[in-house]
Amino acid sequence: MARKKRRFTTFSLSFLDIMSCGFGAVALVFLIIRHGADHDIKAENQDLASEVNLLQEEVQFGREHLVKARNTLDVTSDELAKTQGLARRIIEQIKKVKGNIAEIDSTDEEQDVERLQEKLKKLQLAKKELEAENKKLGNNVRKFVGDGDRQYLTGLRLGGDRILVLLDSSASMLGDQLIKVIRARNMSSHVKRKTEKWQRALRTVSWLTAQFPQDSQYQIYSFNTGFRAAIPGTEDRWLNVDDRDQLDSAIKSLDDLVPENGTSLERVFNAISAMNPLPDNIILITDGLPTQGMKRPRGATISGSDRRALFKRAIKVLPKGVPVNVILEPMEGDPFAASEFWKLAMETQGSFLSPSRDWP
């Protein structure tokens, strides 16, 4: 018996299964594509937002610098306007001067030049005379005026390239009589510094330094049994007179000295011999012959003849050819002092001065 042939229909179960699977696959593909697109869009949106923010910052930065540039441009424009105005005024002045020059007669111009040259010669001559006078007087560095604004005529030789001032600071500088020296020696340092004779010696140094030539050098030694420079630490060098502050400091430092102990000329004269270069002028301020040499004396007293022997031994170590100017302060009990120091001044081509009590 023949099998009955099955009839095919469009809406059979197998067909529907196939169609369902196809629609499911399409939906799945659609979902996958849609999800990837959303992710890409979000990432792209974030990149765009970052770029927008960066562009906004650049725009803000540009606006700020644009304001500064405009301000700078305004200032530059103002300065340019001022410069242009100044240039115009200068050009006008140049033109005016050129016009005035063109109007000057050549003959009058030559006469004016001759008059100016003659005036210049007179000024140069006056300058030379003033320089010579200043060098001669040597009073152009420090000022010193005595009582009643007196000017002192001493005969002391105060010139030289290297001037050395020796100030006796022994106990005898406390007074011009032995009884005054003994009395002051037992007093306080303040009283010793204020004694009349010592103050007169300090004024003498101040007056001397006021007479130094401005282009010279100097040194100030105080001495008794030893010696020291007015400015400590400068014993081995010369100081410049034109350094006024240093010179004033040297004079002021002498106010701290206290006259004490004996006198040793030999020790300070040995120090002079060791100076390099040597002085070419020495000014010695003292009141008598030395009381000791390089060593302390054995006894408590010393005779006049022994003091003279110490003096003669001391001058043997003095450098040859250096003039010694002596200012001898008054002191009783030393009869040989004046004659010995006078001979020293004469033999060295220096000068000798025994001042009055009110000098300088």
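The values are calculated or read from the model by the stated rules, or taken from the named source; none is laboratory data. This structure is a prediction, so every number in the text was calculated from the model and none was measured. Cβ placement follows ideal geometry from the backbone for every residue including glycine, while neighbour counts extend to all protein chains displayed. Quick note on the areas: whole protein, heavy atoms, side chains included, nothing else; ligands and nucleic acids left out. Shrake-Rupley method; radii C 1.70, N 1.55, O 1.52, S 1.80 Å.
Name the residues in the stretch 320-347 that are assigned to a loop (DSSP other than H, G, I, E, B) and under 44 Å from the mean Cα position of the chain (by Cα), would you? Give the derivation first.
Filtering the stretch 320-347 for residues assigned to a loop (DSSP other than H, G, I, E, B) gives 320-323, 329-336.
Residues satisfying the conditions are Lys320, Gly321, Val322, Pro323, Glu329, Pro330, Met331.
Screening Gly350 with (1) in a loop (DSSP other than H, G, I, E, B); (2) touching a residue at least 12 places away in the same chain (Cβ under 8 Å); (3) out of contact with any Pro (no Cβ under 9 Å at 6 or more places or on another chain) gives one miss only, at (3). Among the residues of the stretch 228-250, the one identified as part of a loop (DSSP other than H, G, I, E, B), within 17 Å of Asp161 (Cβ to Cβ) and touching a helix residue (DSSP H, G or I) at 6+ places or on another chain (Cβ under 7 Å) is Val241. The single condition among (1) among the hydrophobic types (A, V, I, L, M, F, W, C); (2) open to solvent by less than 30 Å² (accessible area, probe 1.4 Å); (3) more than 41 Å from the chain's Cα centre (by Cα) that Ile282 does not satisfy is (3). For residues that are touching a helix residue (DSSP H, G or I) at 6+ places or on another chain (Cβ under 6 Å) and not small (Gly, Ala, Ser), scanning just the stretch 179-191, find the one that is least open to solvent (accessible area, probe 1.4 Å). Out of the qualifying residues, it is Val181.
Determine if the stretch 210-228 includes at least one residue that is among the basic types (Lys, Arg), surrounded by fewer than 21 Cβ atoms within 10 Å (Cβ to Cβ) and farther than 19 Å from Pro279 by Cβ. Give the steps one after another, and end with the answer.
Applying the first criterion (among the basic types (Lys, Arg)) to the stretch 210-228 yields 228.
Then drop every residue that is not surrounded by fewer than 21 Cβ atoms within 10 Å (Cβ to Cβ), which leaves 228.
Next, from what is left, pick out any that are farther than 19 Å from Pro279 by Cβ: none.
Among the residues of the stretch 210-228, not one is among the basic types (Lys, Arg), surrounded by fewer than 21 Cβ atoms within 10 Å (Cβ to Cβ) and farther than 19 Å from Pro279 by Cβ, which makes the answer no.
Within the stretch 259-275, the set of residues being part of a loop (DSSP other than H, G, I, E, B), touching a residue at least 40 places away in the same chain (Cβ under 8 Å) and open to solvent by 30 Å² or more (accessible area, probe 1.4 Å) comprises Glu260, Asn261.
Out of Gly160, Gly155, I need the residue that is at positive phi, at pLDDT 80 or above and either open to solvent by less than 90 Å² (accessible area, probe 1.4 Å) or among the polar types (S, T, N, Q) (or both). Which one? Full working, then the answer.
Numbers: Gly155 fails: at pLDDT 80 or above.
Only one candidate qualifies: Gly160.
So, Ser206, is that one surrounded by fewer than 20 Cβ atoms within 10 Å (Cβ to Cβ) and either more than 19 Å from Asn281 (Cβ to Cβ) or free of Cβ contacts under 8 Å to residues at least 60 places away in the same chain (or both) or not? Considered against the rule, which asks whether it is surrounded by fewer than 20 Cβ atoms within 10 Å (Cβ to Cβ) and either more than 19 Å from Asn281 (Cβ to Cβ) or free of Cβ contacts under 8 Å to residues at least 60 places away in the same chain (or both), Ser206 comes out as no. Taken as a whole, the condition of being touching a strand residue (DSSP E or B) at 6+ places or on another chain (Cβ under 9 Å) and of a type outside the set (D, E, K, R) applies to Ile220.
Tell me, yes or no, whether the stretch 238-257 has at least one residue that is closer than 30 Å to Pro335 by Cβ, surrounded by 15 or more Cβ atoms within 10 Å (Cβ to Cβ) and in contact with a Phe, Trp or Tyr (Cβ under 9 Å, 6 or more places away or on another chain). Yes, there is a match, as at least one residue in the stretch 238-257 is closer than 30 Å to Pro335 by Cβ, surrounded by 15 or more Cβ atoms within 10 Å (Cβ to Cβ) and in contact with a Phe, Trp or Tyr (Cβ under 9 Å, 6 or more places away or on another chain).
If you go through the stretch 201-224 and pick out every residue that is in a loop (DSSP other than H, G, I, E, B) and out of contact with any Asp or Glu (no Cβ under 9 Å at 6 or more places or on another chain), you end up with 2. Determine if the stretch 97-119 includes at least one residue that is modelled with pLDDT of 75 or more and among the small types (Gly, Ala, Ser). No, the conditions are met nowhere in the stretch 97-119. Here Asp176 fits the description: touching a Pro at 6+ places or on another chain (Cβ under 9 Å), open to solvent by less than 50 Å² (accessible area, probe 1.4 Å), at negative phi and at pLDDT below 95.
Consider the stretch 319-331. How many of its residues are loosely packed, with under 15 Cβ neighbours inside 10 Å and in contact with a helix residue (DSSP H, G or I) (Cβ under 8 Å, 6 or more places away or on another chain)?
Just the residues of the stretch 319-331 that are loosely packed, with under 15 Cβ neighbours inside 10 Å, to begin with: 320-321.
Imposing the further condition that a residue be in contact with a helix residue (DSSP H, G or I) (Cβ under 8 Å, 6 or more places away or on another chain) reduces the set to none.
Going through the stretch 319-331 one residue at a time, the tally reaches 0.
Return the only residue of Val324, Val317 being under 19 Å from Ser339 (Cβ atoms) and in contact with a Ser or Thr (Cβ under 8 Å, 6 or more places away or on another chain). Being under 19 Å from Ser339 (Cβ atoms) and in contact with a Ser or Thr (Cβ under 8 Å, 6 or more places away or on another chain) holds for just one of Val324, Val317, which is Val324.
Under the condition of being open to solvent by 40 Å² or more (accessible area, probe 1.4 Å), within 21 Å of Leu167 (Cα to Cα) and part of a loop (DSSP other than H, G, I, E, B), the residues counted in the stretch 292-316 number 4.
Could you check the stretch 339-354 and list, in sequence order, the residues that are touching a helix residue (DSSP H, G or I) at 6+ places or on another chain (Cβ under 7 Å) and not aromatic (Phe, Trp, Tyr)? Steps first, please.
Here is the first cut: in the stretch 339-354, the residues touching a helix residue (DSSP H, G or I) at 6+ places or on another chain (Cβ under 7 Å) are 340, 344, 351-352, 354.
Hits for the stretch 339-354 are Glu340, Leu344, Ser351, Ser354.
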